[in-house]
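Notes to accompany the following structure.
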């Protein structure tokens, strides 16, 4: 290919992905114009055609109107079953914002304050200890926490729990097996409370089991099993009828695929993919576990963008949504695992919160003030209050595909072009 032709193709691509400002100016300030719809179609279809994913769907609501839906590829490639609006996916960590919503309903009722110690409601977490090293005999050296773990620590992932990857505490975490499917939330909490923390509460951001502890607090404070509370107070009022741990119709579940080092997709056997969702287990986690269809999750997102109310159901107050979508993560917290890969974000109540505009084309496109989260199998949603826009992307691919999210966001907003 000649250098001139390459240059022309590059210029054409940049023109197609121009910044959203100019597009909005030409279409009554809407983000999703006809041109953007075509760009989203092209982006998602190209991911399927290139073999990066087996199937995908996306649903966008702007100013209370559906402005985009489409699906490409297969929910089950081997059975030639297309990905469609009825497809169920495992949303993994997109369960977390639902759990946070349940917890904040109790906050609204005055049942707790965010800076209350969790031991006030779950006494097993009193007198926690922090790992600080080993002595000459190889014994763990522990010291009391500088302050108690608070509920705010749970909601922003600063509680201090150790992960299995921890070089010194990982073996203890594995042995405790807190998230064994046979554990109830109370049994999970009892095991977790006996483990030393990896750092003092509030000093680092470390993603993990905190939202499962939130689910346990919902049980303790409300007096109801977590799954029953969520069904009665969130899922049923919002008519999220397909959202549950165990699908009523498992044939609607999409297959899950793993991308190998060679880029080829391999199907994860159903027995493994459906190990958690194939039957009801004692464990009802808050951090993962729900399956949902795309319209269900969009109903949840629309409730958030509408200030807590949707389709006649009031789930939260507007001021509570604002509190959840406000950054609670201090700039003094510099250890943040992979959170910076999401962009220039802070963290609210179970959401990442965008604090600054993208600095370059490699950073995910988006709007300051948006809040969002994603799931391990590469699902994604965000709430853009500025444009009154909510977007949900459903797919089932491992390992987590951040580039897919980047491409989808670029298709919606245009490639970031900082001035």
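What follows draws every value from the coordinates through simple rules; no lab data is involved. Predicted, not measured: the structure shown is a model, and the values here were computed from it. Cβ sites come from the backbone with ideal geometry, for glycine too, and all protein chains shown count toward neighbours.
Report the FRET efficiency, 1/(1 + (r/R0)^6), for residue 241 and residue 147, where r is their Cβ-Cβ distance and R0 is 51 Å, rounded to 0.05. Can you show the working numbers first?
Numbers: r = 43 Å, r/R0 = 0.84.
In this case the efficiency is close to 0.75.
Using C-alpha pairs below 8 Å separated by at least 6 residues, the relative contact order for segment 158-234 is 35 percent.
Placing pseudo-labels 7 Å out from each Cα toward the beta carbon at residue 322 and residue 174 gives an inter-label distance of 4.8 nm. Model label sites at residue 64 and residue 194, defined 7 Å from Cα along the beta-carbon direction, differ in position by 5.4 nm. If one takes the longest principal axis of the Cα atoms in the chain, at what angle in degrees, from 0 to 90 and to the nearest 10, does the Cα axis of helix 34-49 lie? Approximately 70 degrees, to the nearest ten.
For residue 78 and residue 41, the FRET efficiency from 1/(1 + (r/R0)^6), where r spans their Cβ atoms and R0 equals 22 Å, is about 0.30. For the chain, the longest principal axis of the Cα atoms and the long axis of helix 402-413 meet at an angle of about 50 degrees.
Would you please classify the overall shape of segment 230-339 from the alpha carbon gyration tensor, given that a ≥ b ≥ c denote the square roots of the eigenvalues, rounded means a/c under 1.5, and beyond that prolate means a/b larger than b/c while oblate covers the rest?
On the way: a/c = 2.17, a/b = 1.25, b/c = 1.73.
Oblate, because a/c is 1.5 or more while a/b does not exceed b/c.
Here the residues 44, 404, 323, ranked from fewest to most Cβ neighbours within 10 Å of their Cβ, fall in the order 323, 404, 44. May I ask for the angle, rounded to the nearest 10°, between helix 294-305 and the longest principal axis of the chain, with both axes built from Cα atoms and the value confined to 0 to 90°? With both axes taken from Cα atoms, the answer is about 80 degrees. Computed over segment 113-222, the P(r) curve from all C-alpha pair distances, binned at 10 Å from the origin, holds 15, 50, 29, 5, 0 percent per bin.
By count of other Cβ within 10 Å, fewest leading, how are 165, 335 ordered?
Values: 165 8, 335 11.
Ordered from fewest to most neighbouring Cβ atoms within 10 Å, 165, 335 come out as 165, 335.
Just rank 93, 42, 210, fewest to most, by other beta-carbon atoms within 10 angstrom. If you can, show how the numbers build up before the last one.
Working: 93 19, 42 12, 210 25.
Lowest to highest Cβ neighbour count: 42, 93, 210.
For segment 38-77 and segment 264-293, compute the distance between their C-alpha centroids and round to whole Å. Here the two parts' Cα centres lie 23 Å apart. Please find the FRET efficiency linking residue 338 to residue 314, where r is the Cβ-Cβ separation and R0 is fixed at 41 Å, and quote it to the nearest 0.05. Efficiency, rounded to the nearest 0.05: 0.70.
For the chain, what is the mean residue ellipticity at 222 nm derived from helices alone (per DSSP H run of n ≥ 4: -39500 (n - 2.57); sum divided by total residues; nearest 500 deg cm²/dmol)? Present the calculation step by step, with values, prior to reporting the outcome.
Numbers: 13 runs with 123 residues, N = 419.
After summing the helix terms and dividing by residue count, I get -8500 deg cm²/dmol.
What is segment 62-173 by shape, rounded, prolate or oblate, if you read a ≥ b ≥ c off the alpha carbon gyration tensor as root eigenvalues and call it rounded for a/c under 1.5, prolate for a/b larger than b/c, and oblate otherwise? Intermediate results must be reported in sequence, preceding the final value.
Numbers: a/c = 3.99, a/b = 1.66, b/c = 2.40.
Cα axes put segment 62-173 in the oblate bin.
Label the chain by shape, choosing from rounded, prolate and oblate, from the square roots a ≥ b ≥ c of the eigenvalues of the Cα gyration tensor; if a/c is under 1.5 it is rounded, and otherwise prolate applies when a/b is larger than b/c, oblate when it is not. Intermediate results must be reported in sequence, preceding the final value.
Numbers: a/c = 1.55, a/b = 1.53, b/c = 1.01.
Judged from the Cα gyration tensor, the chain comes out prolate (a/c at least 1.5, a/b above b/c).
Using a cutoff of 8 angstrom between alpha carbon atoms and counting only pairs six or more residues apart, the relative contact order for the chain works out to 22 percent. For segment 113-222, what relative contact order do you get, as a whole percent, if you take Cα pairs closer than 8 Å and at least 6 residues apart? The normalised contact order for segment 113-222 reaches 33 percent.
Relative to one another, the C-alpha centroids of segment 89-155 and segment 202-255 are positioned 18 Å apart. Reducing segment 339-399 and segment 169-197 to their Cα centroids gives an inter-centroid distance of 30 Å.
Label-to-label distance, residue 127 versus residue 362, with points set 7 angstrom from Cα along the beta-carbon direction: 5.0 nm.
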